[in-house]
Amino acid sequence: GMSRAYLAQGIADHAIRSGEQARKLCPEDPAGHVVLGKAYAAGKYPIEGIESFRRATELDPNRFEAYEALGQICFERSLYPEAIAVYEAALVRPGLVESSSLVRTANARLGAMYSWGGLNDAALPKIEHALTARSLDAAGVALVEDAIATDPKCRANIHLLIGEEWERLGNLDRAKAAYTKAADCPDPGYQPRAREALARRRELRRHRRSGG
């Protein structure tokens, strides 16, 4: 509709007016509430955006675009209890595609929020799930890496996964730091893998320096 077109042009106020008119005509249309929520968010009206996204999930509990947008706005505004509730609700919905951006984002952010709250046992499965998907961007890897730093225990497996993700993203310095943490953990089950990763990282750096 026009609201979506205005959004694509970056005209938030027009998108809001158009979306509000559409809502009056079709108040039970979840797609319309999602578009209006995005217009509110773009126009710096986060509370109204949250209300629109939440209404979309009420009208259609499998409207994953609404969960993703609602979780995003709550997380960015540090409304962590609300963001946790949104992401946890989304992850248990039937039909959610395991490889979707919502799954990896939800797990990474849930892991971070649980870690910040000292709930490390709840955080670790989420963080591990996000990392093993092998599809986080640099911001996502940095988020879980910063979060795991608050854990008083040395988590060799998590540091190893973080190192592998940094290596995949081409950040060899951060990969080395993560592999080093994994190798330094008192966990003999992961130390050999961490040392192998460090050796691989050194070989990659030599290869780059030689122009190969």
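The values are calculated or read from the model by the stated rules, or taken from the named source; none is laboratory data. The structure displayed is predicted, hence computed values, not measured ones. Every residue, glycine among them, receives a Cβ derived from its backbone with ideal geometry; neighbour counts consider all protein chains shown. For accessibility, only protein heavy atoms count, side chains too; no ligands or nucleic acids. Shrake-Rupley method; radii C 1.70, N 1.55, O 1.52, S 1.80 Å.
Determine which single condition Glu65 fails, assuming it passes every other condition in (1) crowded, with 17+ Cβ neighbours inside 10 Å; (2) touching a Leu at 6+ places or on another chain (Cβ under 8 Å); (3) not basic (Lys, Arg).
Going through the list (1) crowded, with 17+ Cβ neighbours inside 10 Å; (2) touching a Leu at 6+ places or on another chain (Cβ under 8 Å); (3) not basic (Lys, Arg), Glu65 breaks only (2).
Yes or no: Arg93 closer than 28 Å to Ala122 by Cβ, modelled with pLDDT of 95 or more and of a type in the set (Lys, Arg)?
no
Condition first: open to solvent by 60 Å² or more (accessible area, probe 1.4 Å) and under 20 Å from Lys44 (Cβ atoms). Now tell me which residues in segment 69-88 satisfy that.
Gln72, Glu76, Arg77, Ser78, Glu82
Could you check Leu59 against (1) within 21 Å of Arg168 (Cα to Cα); (2) open to solvent by 20 Å² or more (accessible area, probe 1.4 Å); (3) in contact with a His (Cβ under 8 Å, 6 or more places away or on another chain); (4) aliphatic (A, V, I, L, M) and say which number it fails?
Result: Leu59 fails condition (1) only.
Out of everything in segment 2-47 that is open to solvent by less than 80 Å² (accessible area, probe 1.4 Å), assigned to a helix (DSSP H, G or I) and of a type in the set (Val, Ile, Thr), what residue ends up being farthest from Glu76 (Cα to Cα)?
Ile16
From the set of residues in segment 48-81 that are hydroxyl-bearing (Ser, Thr, Tyr) and in contact with a helix residue (DSSP H, G or I) (Cβ under 8 Å, 6 or more places away or on another chain), which is nearest to Met113 (Cα to Cα)?
Tyr80
Which residues, counting only those in segment 89-117, are open to solvent by less than 50 Å² (accessible area, probe 1.4 Å) and farther than 17 Å from Gly140 by Cβ?
Within segment 89-117, Ala89, Leu96 meet the criteria.
Check segment 74-82 and report whether any residue there is hydrophobic (A, V, I, L, M, F, W, C), closer than 23 Å to Val141 by Cα, out of contact with any strand residue (DSSP E or B) (no Cβ under 6 Å at 6 or more places or on another chain) and outside any helix (DSSP H, G or I).
yes
Of everything in segment 118-127 that's open to solvent by 30 Å² or more (accessible area, probe 1.4 Å) and more than 13 Å from the chain's Cα centre (by Cα), which residue is nearest to Glu164 (Cα to Cα)?
Selected residue: Pro125.
Taking the residues in segment 135-163 that are modelled with pLDDT under 90 and of a type in the set (D, E, K, R) as candidates, determine which candidate is most open to solvent (accessible area, probe 1.4 Å).
Among those residues, the one meeting the criterion is Lys153.
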